[in-house]
Every structure is written in structure tokens, then in C-alpha cells.
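Data first, discussion second: the structure below is written as C-alpha cells.
The values are calculated or read from the model by the stated rules, or taken from the named source; none is laboratory data. Every value quoted in this text rests on a predicted model; they were computed, and no experiment measured them. Here the Cβ positions follow ideal geometry from the backbone for every residue, glycine too, while neighbour counts run over all protein chains shown.
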Amino acid sequence: MQFQGSIKSKLPKSGTSIFAVMTAMANEHNAINLAQGFPDFSVSDKLIELVNQYMKKGFNQYAPMPGLLSLREKIAEKTQFLYSAKYNPETEITIVPGATHGIFAVISAMVREGDEVIVIEPCYDSYIPAIELNGGRAVHAELKYPDYKIDWNELKKLINFRTKMILLNTPHNPTGTILSAQDISKLEKIVKNSDLIVCSDEVYEHIIFDKVEHQSIARYPNLAERTFIVSSFGKTYHATGWKTGYILAPANLTAELRKVHQFMAFSVNTPIQYALSDFMDDKSAYTELADFYQEKRDYFRKLIKGSNFKLLPCYGSYFQLLNYSKISKEKDTEFAERLTKEHKVASIPTSVFYEKKTDNNVLRFCFAKQNETLEKAAEKLMKV
């Protein structure tokens with residue numbers, strides 16, 4: 001049975017997400033999945049016990065729309081501890097069912113028909129559909145390969161009277177680059193004396209390497225007053241399937257966000273919120289995360305050193321980019337498919353994150369895996 005009427009797609013250029021496509025391909029060909037960004041190791045036993053405990057206690061009905069207040073209070077404490085920034089848990093922090101939902105809600109609250117949003121490419125694949133579904137237009141500022149740095153002079157030229165928002169991501173997916181204090185200073189100068197809104201995707205805020213401090217927008221009051229900061233418990237606590245995140249923003253921006261959020265999801269999983277509230281008392285779970293993932297990064301890089309792949313820098317996130325131009329001149333989409341089918345390692349081709357499908361012969365690999373998984377993958381990659 002099929003509807004026979006006329007359907008005009010609101011996203012005519014969009015198909016199934018590349019993450020779903022490559023994961024399905026990995027499953028079909030029994031390949032090691034270093035494509036989709038999820039850990040293959042366990043969530044903390046204590047955190048799982050807390051969720052179970054609150055379920056058994058009967059905390060299984062709707063949570064408050066903005067999120068459990070005790071959890072928002074813990075987030076406020078953490079944000080002040082890390083970034084010396086004060087956010088009111090009642091009016092400036094909102095719990096959302098995952099960062100992707102949060103970003104969509106921010107864009108829905110702020111972007112109107114004809115507005116333009118500057119996105120930094122390569123960019124996470126949900127950004128542009130969210131802009132387009134809300135009647136906006138994505139304007140693309142491309143990071144410069146191979147260092148993946150922002151050309152702020154070039155970005156500034158993209159701003160006009162239609163520009164509503166700049167959408168940032170640091171640490172950056174898929175490249176692993178990060179924004180420096182100098183970058184933030186340049187951004188401050190660009191938006192000063194304007195009505196521009198900033199949305200800062202900081203889901204990998206605790207996964208940043210070599211003892212470098214994460215330059216959260218929360219550190220910069222003049223920027224924070226116009227910024228939605230999006231973060232993720234899933235990335236921090238190895239629980240991506242729980243789809244739980246939060247948004248920091250000034251009260252006036254938060255009020256607009258919540259108007260949208262309440263009609264998209266209303267509230268977020270209740271027992272998980274209670275469990276996270278308790279679990280956040282252990283600061284080591286996030287303060288030691290960078291060292292944990294740096295060991296993973298360094299181990300994966302060591303395992304494939306001497307291969308025909310070229311290692312690109314990785315300063316944060318849990319993704320490593322590899323250039324394969326010494327191996328093949330195929331399109332990255334074609335090479336990623338062949339790598340999955342013939343060599344049994346799944347990755348993500350980075351051209352899919354660009355409007356113009358810019359192809360630098362680069363694939364993205366997730367190293368948020370057990371050492372045994374990384375070893376098996378590296379053994380295969382060394383033979384390519």
C-alpha cells in the first residue's frame with residue numbers, strides 16, 4: 001500500500017544518515033565498525049545501578065519540562081568549577097533528549113524564513129537539515145585542510161543583514177580540531193555590536209588532549225550572553241544510547257528555547273536524570289576523561305604508524321582522520337565502501353560533511369573502542 005498523492009519533500013537532498021549507512025554496511029560485511037561514534041565498552045556499573053535504583057523506586061513518570069532541578073544544579077556547579085561561569089539552574093539550564101535534539105530546538109527557536117546561519121565545514125550532518133527545515137539558509141565557511149583552522153577574515157565576509165546565527169563545534173567532529181583562545185577573541189570582535197546569536201556545540205568538551213584547556217564559550221561573558229552552549233552526557237559517560245544532554249543559555253534565550261523544546265519532547269527520561277544528578281558528584285568521571293581518551297588516541301596512532309595512511313592531527317573528540325592518497329585516488333565514499341567490504345574496517349568519508357562534497361582523500365575513524373577492537377582494526381589497516 002502506498003499513498004498516491006503528491007509529496008514534496010522538505011529535505012530533497014537528504015537521504016539516510018551516513019552513520020546509519022556505514023553501520024549497516026559494517027554489519028552486513030562483518031566489518032569492525034570504526035564509523036559511528038559510539039564506545040564499545042561498558043557504562044559505569046555505578047551509574048547503571050543508580051538508574052536501576054531510581055526505576056525501582058518509582059521515578060518513572062514525566063520529569064519537569066526544563067529537567068530535574070537537582071541535575072541542573074549539578075550542571076551549574078560543574079560549569080562554575082570548570083569555566084568560572086555562573087548559570088542559574090532554574091532559568092538558564094535545560095535538559096534535552098540528546099544534543100542533536102538540543103541543536104534542532106535552538107535553531108527552531110531562533111531561525112526564521114530567510115535567515116542565514118553560518119556553519120563551519122566539514123560539519124555534523126544534522127546542522128544543515130535543521131536550518132533548512134526552519135526556513136533558513138546555511139552559509140558555508142570551510143576549514144582549511146590539512147590543519148582545519150577557521151579563516152576568520154573569510155568568515156566575516158559572509159555576514160550580512162540576513163545572518164542570524166553562527167554555529168560552532170569545538171572539539172570538532174569530524175576533524176578533531178579545537179578552537180583556541182585566539183579564535184574566540186576573533187569571534188568576539190566579529191559579533192560585537194551585532195544581533196548575531198551563537199550556537200556552540202561542545203559535546204566533546206571533556207575530550208581534549210595534551211593538557212590543553214577547552215575554550216568553552218562559557219568562559220567569555222561577552223560571548224556567553226548571546227550563546228546557546230550544547231553538551232552531552234552520552235559523550236561524557238559512554239552512554240550515547242541514553243540520548244541525554246543539556247543547554248546553557250542566558251534566561252531570555254532559554255525562555256525561547258523552552259517554548260520549542262516543550263512541544264518537541266516536553267521532558268527527558270526521568271530515572272536517568274536522577275541517576276546523573278547523583279553520579280555528577282564524582283568529578284573524576286569527567287576530569288579524567290581526557291587522559292582516558294588520549295591513551296586511546298595515542299594507542300591507535302601507534303598501532304597504524306608505518307601504514308600507508310597519513311595520520312592527521314587530532315586535538316580533541318574521539319575521532320582520528322587518516323589520509324589515504326598514497327593508497328588510492330578513489331573518491332572517499334568509494335574507498336570507504338571498499339575498505340568496509342574488502343578489508344573489513346568501516347569508517348566515515350569526510351566529503352559527506354561538505355556542501356560541495358570536498359574530497360581530500362580523508363576518512364574518519366572512531367577510536368572510542370576497547371584496545372582489542374583497535375588492535376584488530378589496525379592489523380587490517382596495516383595491510384591496505
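Looking at the range 161-178 only, could you name the residues that are assigned to a loop (DSSP other than H, G, I, E, B) and either touching a strand residue (DSSP E or B) at 6+ places or on another chain (Cβ under 7 Å) or closer than 18 Å to Arg297 by Cβ (or both)? Of everything in the range 161-178, those that are assigned to a loop (DSSP other than H, G, I, E, B) and either touching a strand residue (DSSP E or B) at 6+ places or on another chain (Cβ under 7 Å) or closer than 18 Å to Arg297 by Cβ (or both) turn out to be Arg162, Thr170, Pro171, His172, Asn173, Pro174, Thr175, Gly176, Thr177, Ile178. Exactly one residue among Asn371, Asn323 is over 23 Å from Thr236 (Cα atoms) and either modelled with pLDDT of 95 or more or among the hydroxyl-bearing types (Ser, Thr, Tyr) (or both), and that residue is Asn323. Phe19: modelled with pLDDT under 95, surrounded by 14 or more Cβ atoms within 10 Å (Cβ to Cβ) and out of contact with any helix residue (DSSP H, G or I) (no Cβ under 6 Å at 6 or more places or on another chain), yes or no? Yes; evaluated as a whole, the condition is true for this residue.
Right, Arg162: closer than 19 Å to Pro250 by Cβ and surrounded by fewer than 22 Cβ atoms within 10 Å (Cβ to Cβ) or not? No. Residues in the range 234-262 that are of a type outside the set (S, T, N, Q) and either under 23 Å from Leu50 (Cα atoms) or touching a Gly at 6+ places or on another chain (Cβ under 7 Å) (or both): Gly234, Lys235, Tyr237, His238, Ala239, Gly241, Trp242, Lys243, Gly245, Tyr246, Ile247. If you go through the range 294-328 and keep only what is surrounded by fewer than 21 Cβ atoms within 10 Å (Cβ to Cβ), of a type in the set (Phe, Trp, Tyr) and closer than 22 Å to Asn169 by Cα, you end up with just Tyr315. Selection of the range 299-318 for residues being closer than 16 Å to Lys149 by Cα, part of a loop (DSSP other than H, G, I, E, B) and not hydrophobic (A, V, I, L, M, F, W, C) yields Pro313, Tyr315, Ser317.
Residues checked against (1) crowded, with 20+ Cβ neighbours inside 10 Å; (2) assigned to a loop (DSSP other than H, G, I, E, B); (3) in contact with a helix residue (DSSP H, G or I) (Cβ under 7 Å, 6 or more places away or on another chain):
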position	(1), (2), (3)
Thr91	no, yes, yes
His101	yes, no, yes
Phe104	yes, no, yes
Ile107	yes, no, yes
Gly114	no, yes, no
Val119	yes, no, yes
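In the list Ile48, Ile32, which residue meets the criterion of being at pLDDT 95 or above, under 25 Å from the mean Cα position of the chain (by Cα) and more than 29 Å from Val268 (Cα to Cα)? Just a single option satisfies the conditions, and that option is Ile32.
In the set (1) among the hydroxyl-bearing types (Ser, Thr, Tyr); (2) closer than 30 Å to Ile131 by Cβ; (3) outside the structural domain of Thr254 (by TED's automatic domain parsing); (4) at pLDDT 95 or above, Ser6 fails one condition alone, (4).
In the range 226-249, the residues that are closer than 14 Å to Lys78 by Cβ and modelled with pLDDT of 95 or more form Cβ pairs under 6 Å with partners that are among the β-branched types (Val, Ile, Thr) and part of a loop (DSSP other than H, G, I, E, B), at six or more places apart or across chains, as follows: Ser231/Val203; Ser232/Val203; Phe233/Thr244.
The lone criterion from (1) farther than 30 Å from Tyr237 by Cα; (2) assigned to a loop (DSSP other than H, G, I, E, B); (3) of a type in the set (A, V, I, L, M, F, W, C) left unmet by Cys123 is number (1).
Residue count for the range 193-248 under the criterion of being closer than 18 Å to Val119 by Cα, out of contact with any Asp or Glu (no Cβ under 7 Å at 6 or more places or on another chain) and outside any loop (DSSP other than H, G, I, E, B): the result is 8.
For Glu256, the conditions (1) more than 19 Å from Pro64 (Cα to Cα); (2) of a type outside the set (Phe, Trp, Tyr); (3) assigned to a helix (DSSP H, G or I) are fulfilled apart from (1). For Ser317, the stated conditions hold: it is closer than 24 Å to His206 by Cβ and of a type in the set (S, T, N, Q). A search for C-beta distances below 8 Å between a residue of the range 148-171 that is more than 16 Å from Gln182 (Cβ to Cβ) and at pLDDT 95 or above and any residue that is exposed (fewer than 15 other Cβ atoms within 10 Å of the Cβ) and polar (S, T, N, Q), counting only pairs 6+ apart in sequence or on different chains, returns Ile159/Ser194.
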